[in-house]
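A.B. asks: Mind having a look at this structure? Questions to follow.
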Amino acid sequence: MAGSCCIAVAGHLVANEAINVGHKLVFLFDVDNTLLDNDRVSADLKQHLDKEVGHERQQRYWEFFEELRSELGYADYLGALQRYRSEYPRDPNLLTVSEFLVEYPFANRLFPNSLDVIDHVKQYGVPVILSDGDVVFQPRKIRRSALFDAVDGNVLIYVHKEIELDDILERYPADHYVLIDDKLRILTAIKKAWGGRVTTVFPRQGHYATDPKVLATYPAADISISRIGELVDFNLQDFLGAANAADDRAAIA
């Protein structure tokens, strides 16, 4: 399956050529804190901002960042930098911060065995990146981290992926899906919509996955793992059987 570049379509980014050939199994991988340690990226940016613009302005940047996340529903690092620029238009270090973001070595922040996991599941089905994000920084992150090539260009980037399920089904029709995501909110929403047609996998990585309030609010995923690399030891029945077991538990309840 040939890879392709990402283009803007109806408010989200998708692979350049829609996939309309049916598959038996499709693996949907989130990126941030699932395949890639985005908490580490944020920590590195915080350190860089402290160095270049000082602690007070570094804190102001993150205030803009959180404001945008509340407004948009996803992390927008470059958008926050634009807002920072509006407040501090003469800051001489602004361009160095921009360069830091654009040239960041994302491949160094992949979790151990992330690429091995993608390669491993290819024997069972088609791996696809399913992410939320902006139209510039997120695609660049996916390319520079080597994830774009690892999934042969099968990339979907939405504003809110959990409300784009019909588009996902149309582009990657399959008998069954395996969704790997560090956010229980996403896993729960898609499990509710797709039921036994999807196996949800929860890698307990990053700040969302360890938040006590989140863990207490949402039900457990079909599969829970400590790190993404554990999936290299999973076989086809491990993925499919977990969804069947969840259906059995729901029927008993």
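The values are calculated or read from the model by the stated rules, or taken from the named source; none is laboratory data. Since we're looking at a predicted model, the values are computed, not measured. Glycine also receives a Cβ, built like all others from the backbone with ideal geometry; neighbour counts cover every protein chain displayed.
A.B. asks: Scan ASP119, ASP132 and give me the residue that is closer than 30 Å to ASP238 by Cα, exposed (fewer than 15 other Cβ atoms within 10 Å of the Cβ) and within 18 Å of the chain's Cα centre (by Cα).
C.D. replies: Details: ASP132 fails: exposed (fewer than 15 other Cβ atoms within 10 Å of the Cβ).
So the residue among ASP119, ASP132 that is closer than 30 Å to ASP238 by Cα, exposed (fewer than 15 other Cβ atoms within 10 Å of the Cβ) and within 18 Å of the chain's Cα centre (by Cα) is ASP119.
A.B. asks: When residues of segment 26-68 are filtered for being surrounded by 15 or more Cβ atoms within 10 Å (Cβ to Cβ) and among the basic types (Lys, Arg), how many remain?
C.D. replies: Summing the residues that are surrounded by 15 or more Cβ atoms within 10 Å (Cβ to Cβ) and among the basic types (Lys, Arg) in segment 26-68 gives 3.
A.B. asks: Quick one: ASP211 ticks every box in (1) in contact (Cβ under 8 Å) with a residue 60 or more places away in the chain; (2) under 24 Å from ARG227 (Cβ atoms); (3) acidic (Asp, Glu) bar one, so which box is it?
C.D. replies: Going through the list (1) in contact (Cβ under 8 Å) with a residue 60 or more places away in the chain; (2) under 24 Å from ARG227 (Cβ atoms); (3) acidic (Asp, Glu), ASP211 breaks only (1).
A.B. asks: Going residue by residue through segment 188-206, is there one that turns out to be part of a helix (DSSP H, G or I) and touching a residue at least 60 places away in the same chain (Cβ under 8 Å)?
C.D. replies: Yes, segment 188-206 has at least one match.
A.B. asks: At least 3 residues that are outside the structural domain of GLY54 (by TED's automatic domain parsing) and free of Cβ contacts under 8 Å to residues at least 24 places away in the same chain in each: list the helices (runs of 4 or more DSSP H) lying fully within segment 88-162 that qualify.
C.D. replies: Because the criterion is at least 3 residues that are outside the structural domain of GLY54 (by TED's automatic domain parsing) and free of Cβ contacts under 8 Å to residues at least 24 places away in the same chain, no helices (runs of 4 or more DSSP H) in segment 88-162 meet it.
A.B. asks: With respect to VAL102, determine if the residue is among the β-branched types (Val, Ile, Thr), within 27 Å of VAL117 (Cα to Cα), at pLDDT 85 or above and out of contact with any Pro (no Cβ under 8 Å at 6 or more places or on another chain).
C.D. replies: So VAL102 fits the description; yes.
A.B. asks: Which numbered condition in (1) within 20 Å of ALA75 (Cβ to Cβ); (2) of a type outside the set (Asp, Glu); (3) not in a helix (DSSP H, G or I) is the only one that VAL214 fails?
C.D. replies: (3)
A.B. asks: Would you point out which residue out of GLY206, GLY153 is modelled with pLDDT under 95 and either of a type in the set (Phe, Trp, Tyr) or buried (at least 17 other Cβ atoms within 10 Å of the Cβ) (or both)?
C.D. replies: GLY206
A.B. asks: Name the residue that is farthest from ASP30 (Cα to Cα), counting only residues in segment 165-179 that are of a type outside the set (Val, Ile, Thr) and buried (at least 21 other Cβ atoms within 10 Å of the Cβ).
C.D. replies: Top of the filtered list is ALA174.
A.B. asks: May I ask you to list the residues in segment 215-227 that are of a type outside the set (Gly, Ala, Ser) and within 21 Å of GLY195 (Cα to Cα)?
C.D. replies: LEU215, THR217, TYR218, PRO219, ASP222, ILE223, ILE225, listed by residue number.
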